[in-house]
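Following: one structure in C-alpha cells, then a few remarks.
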Amino acid sequence: MKKIFFSTEELDARASTKFGLSEQILMENAACRIEGEIRKRLKKGSRILALCGGGNNGADAMAALRKLSGDFSCTALCVLENRSAAGKFQADAARAAGVKLIDIASAKDAFEHVEDASSKDACTHESVGGSSLKGAS
C-alpha cells in the first residue's frame, strides 16, 4: 500500500480542526474499519485477542472489541494505567459490553492467558505501536 500522507497525527488534527470531528468520532470510525475487516474474515463465535497499548490505537481496538463482543469472544491484553480520557472511556465501554480486559501490568496472568488463547483464537489484533512509533514502514 502506498502512503499518500506523511503523518496520521497530522491527518487527525486536520480532521478535528477543519471538519470539527472529535477524538471519539475518529476512534469510532477507526473501530468500524477494524470491526468490518474482522467480520469479513471470521465466523461468529470466534475468539479474538487484541494487544492494546496505552494510546489512541489501543483505544481504537477496544472500541472495535466492544462492537464485536455480541458475536465474538473478545479479550484485550492492555495497558490500563495512564490512559487518556478517551482511552479510559473506551476501556470502560468495552468492559461494560463484556470484553475481558487483562492489564499487562499483571504480566504472569496475562502471558498465561496469551499462551492458552493463542492456539485457540481465530484473530490476534496488535494495536500497541501508534502513529508516533519511529522506524515503522
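The figures follow:
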{"item": "Local electrostatic count at Arg83 - Lys and Arg +1, Asp and Glu -1, tallied over other residues with Cβ under 14 Å", "result": "-3"}
{"item": "Among the listed pairs Lys18/Lys40; Lys67/Lys100; Lys43/Lys100, those beyond 24 Å (Cα-Cα)", "result": "Lys18/Lys40"}
{"item": "Positive minus negative residues near Ala97 (Lys, Arg vs Asp, Glu; Cβ under 13 Å)", "result": "+1"}
{"item": "Stretchable slack from Leu11 to Asp71, in nm (0.36 nm times residue separation minus alpha-carbon distance)", "result": "18.4 nm"}
{"item": "Net charge contributed by nearby residues that have their C-beta within less than 11 Å of Met62 (K/R +1, D/E -1)", "result": "+3"}
{"item": "Sorted by Cβ neighbour density within 10 Å, fewest at the top, the residues Arg39, Arg83, Arg33", "result": "Arg33, Arg39, Arg83"}
{"item": "Residues whose placed amide H lies under 5 Å from that of Ile104, excluding near-sequence neighbours", "result": "Cys78, Val79, Leu80"}
{"item": "Distance-filtered residues of the range 36-57 - backbone nitrogen under 19 Å, label point 7 angstrom along Ala105 Cα→Cβ", "result": "51-56"}
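Quick note: the coordinates plus some simple rules give every number you see, no bench work behind them. Remember, it's a predicted structure, so these values are computed and weren't measured experimentally. Note: ideal-geometry Cβ built from the backbone for every residue, glycine included; neighbour counts use all protein chains shown.
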